[in-house]
1. Given points 7 Å out from each Cα along the Cα-Cβ axis, report the A149 to R121 separation in nanometres with one decimal.
2. Determine the shape class of the stretch 18-154: with a ≥ b ≥ c the square roots of the Cα gyration tensor eigenvalues, call it rounded for a/c under 1.5, and otherwise prolate if a/b is greater than b/c, oblate otherwise.
3. With an 8 Å cut-off on Cα pairs and a minimum separation of 6 or more residues, tell me the relative contact order of the stretch 3-296 in percent.
4. Let me know the charge dipole size of the stretch 3-296 about its Cα centre in debye, to the nearest 20, where only the beta-carbon of Lys, Arg (+1) and Asp, Glu (-1) is charged.
5. So if we plug the beta-carbon distance of V94 and M273 into 1/(1 + (r/R0)^6) with R0 = 25 Å, what FRET efficiency do we get, rounded to 0.05?
6. Show that you can apply the helix-only estimate: for the chain, add -39,500 (n - 2.57) for every DSSP H stretch of four or more residues, divide by all residues, and state [θ] at 222 nm to the nearest 500.
7. Hey, for a label at S205 modelled as a point 7 Å past Cα toward Cβ, could you say which residues of the stretch 30-55 have their backbone N under 16 Å away?
8. Quick check: convex hull of the Cα atoms in the stretch 84-137, volume per residue, rounded to a whole Å³?
Amino acid sequence: MDHKRKATLIGGIAVILWALLALFTTTVANIPPFQLVGLCFGVASLFSALWITLRGGSVIRALRQPLGAWALGVGGLFGYHFFYFVALANAPAVEASLIAYLWPLLIVLFSALLPGEHLKRHHMLGAVLGLSGAFLLVSKGHGLSFDRAFALGYGAAIICSLLWSGYSVLNRRYRNVPVGAVSGFCGAAAILGFVTHGILETWVSPDTTQWLAIIGLGLGPVGAAFFVWDHGTKHGDIQILGVLAYGAPLLSTCLLIIFGKAIATPAIIAGCMLIVGGAVLASAKFGSRKQRQRNSVP
């Protein structure tokens, strides 16, 4: 397996981990959002620093990175969550979530600006199919209703999608920055989360079950996911990762159905089929011999 393909598969693990987000957050629904951001990123930072140390690495060395890499990493991790919660607070959840979830499509579009990357028709069609499927999953087939009164929320959702897609694409510029640096980015995001929480929210003490959920979030969807995504966006196929990202709402919906927290309606089934079809279309040439040979050329 060539390096680029392996990195893409590693990056795809993030999609599976993000799919667990909705299931975990049902347990911590009463925890203020920025308190939750601070706690989860704090867990991610502490455990990743411990992991680096146990593997014989140096946390200090991992944190000694260019200022631009820090600005991009912290801006992407915390900025996305900040504007996402602002969007949810100032617009209906369905519309805000769908606007925010334009980021996979934007990744596919912005990737054409990267050196050595070429946007193909099957990438674009796959992304559009994925967006259509996400629309059905998020709206549950009931359509959308945009109102000027929620302009602030819509604007925040747009910024949210631009921040994460921009971070994911520009991350290629810092491909020599080790993935261990994400430990520091998570730590900085945790601090910003707690600061924002102190300004806007009141502390809610988690119970034992909620602490377990917070640790689970910090280890998975708000932890390891960002480390594997960092590796994938730096070294993998960015277009395919963008389309595969629509698998997160698909897998999340399936898990909610399995655990009895959602119902498999015709709209949801159709949305799942569109997302799967888009992923298959976008990655149709990913495993071909010709494509592997082209990727293996330095």
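1. 4.6 nm
2. Details: a/c = 2.06, a/b = 1.30, b/c = 1.58.
Oblate, because a/c is 1.5 or more while a/b does not exceed b/c.
3. Working: 461 pairs, mean separation 126.6, N = 294.
The value is 43 percent.
4. 1460 debye
5. Details: r = 20 Å, r/R0 = 0.81.
Using R0 = 25 Å, I get an efficiency of 0.75.
6. Values: 16 runs with 213 residues, N = 298.
Helices in the chain give a 222 nm mean residue ellipticity of -23000 deg cm²/dmol.
7. From the stretch 30-55, the list is 31-32.
8. Details: hull volume 3.8 nm³, N = 54.
For the stretch 84-137, the hull spanned by Cα atoms encloses 70 Å³ per residue.
Quick note: the coordinates plus some simple rules give every number you see, no bench work behind them. What you see is a predicted model, and the numbers here were worked out from it, not measured in a lab. Here the Cβ is made from the backbone with ideal geometry for all residues, glycine too, and neighbour counts use every protein chain on show.
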